[in-house]
Amino acid sequence: MNWFCALLGSLFVSVCAPSDDFIVDVGDSISATAATEVAVKTEISHERELAPDIVAGLEWIGDVRYQSLEELRGQVVMIDFWTLGCINCQRALPHVGVLYGKYKDDGFVVIGVHAPEFAYERKKENIIGAIEKWDIQYPVVLDNDFEIWKNYNNRYWPAQFIIGRDGMLRYQHIGEGAYLEMDQIVNNLLQEKYESI
């Protein structure tokens, strides 16, 4: 278990940042000591920008595999970055699952992006065990080389990015919490009219 994230969780800081022994260089990721200064970050995008795409050809767990967000146009999509050893992710995953269960029949898609911090988190059998333990019902892509992570300029676990029916990034949240707010955002985005071109 990521002892640093557990310590942060006990101090009510609700975000995990890469530790000093982070297994891959992800550019501007902050150090573990700097994570104590991180607060929960929630942004509702007023300026729309096209959401970064997922990466084709990565390994997926689950029956559904997407090659591009383009194939999900017309649906509301959440990209949920997590790693199995982060206690904050473990606390957030059930809430993401509830949100998925509530809206999946209305055009809401969740893509779990597992981006490992430590070597044991790269092992597929460990990830499958975590998916079973937390009863994750949506597809999970294995982002072992941080390709999707980098596309989103992500730096934390957990992190959620919500994309509107038009493919535009509409909301970003880092850390635990804001579950009611995310529910309202998803509900509102599902109500928006979408006309495909």
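Quick notes on this one:
- For HIS173, HIS95, HIS114, the sequence from fewest to most other C-beta atoms within 10 Å is HIS95, HIS173, HIS114.
- Proxy reagent accessibility, fewest Cβ within 10 Å first, across LEU99, LEU50: LEU50, LEU99
- Ranked by the mean number of other Cβ atoms within 10 Å of their residues, highest first, the peptides 65-78, 143-156 come out as 143-156, 65-78.
- Computed from backbone phi, the HN-Hα couplings of the range 117-129 come to 8, 10, 4, 5, 7, 7, 6, 4, 5, 5, 5, 4, x Hz, rounded to whole numbers (Karplus: 6.51 cos²θ - 1.76 cosθ + 1.60, θ = phi - 60°; Gly and Pro given as x).
- Remark: the range 90-101, residue by residue, has Karplus-estimated 3J(HN,Hα) of 4, 6, 7, 3, x, 5, 5, x, 5, 4, 4, x Hz, where x stands for each Gly or Pro and the curve is 6.51 cos²θ - 1.76 cosθ + 1.60 at θ = phi - 60°.
- Residues whose amide H comes within less than 5 Å of that of ALA159, counting only those at least five positions distant or on another chain, are PHE81, GLY175 (H built at 1.01 Å from N in the peptide plane).
- Amide H partners (placed H, <5 Å) of ARG170, local residues excluded: ILE162, ILE163, GLY164
- Couplings 3J(HN,Hα) of the range 60-75, computed from phi: 10, 10, x, 7, 9, 9, 10, 9, 7, 5, 4, 6, 9, 3, x, 10 Hz, in residue order, whole Hz [Karplus 6.51 cos²θ - 1.76 cosθ + 1.60, θ = phi - 60°; x for Gly and Pro].
- Amide H contacts under 5 Å for VAL109, placed H, 5+ residues apart: VAL76, VAL77, MET78
- Take every Cα pair under 8 Å whose residues are at least 6 apart in sequence, average their separation, divide by the length of the range 129-197, and the relative contact order is 22 percent.
- The range 149-180 and the range 82-107: distance between their alpha carbon centers, rounded to Å: 13 Å
Bear in mind these aren't lab numbers, they're just calculated from the coordinates by the rules spelled out. The structure presented is a predicted model; accordingly, all values stated were derived computationally and were not measured. Every residue, glycine among them, receives a Cβ derived from its backbone with ideal geometry; neighbour counts consider all protein chains shown.
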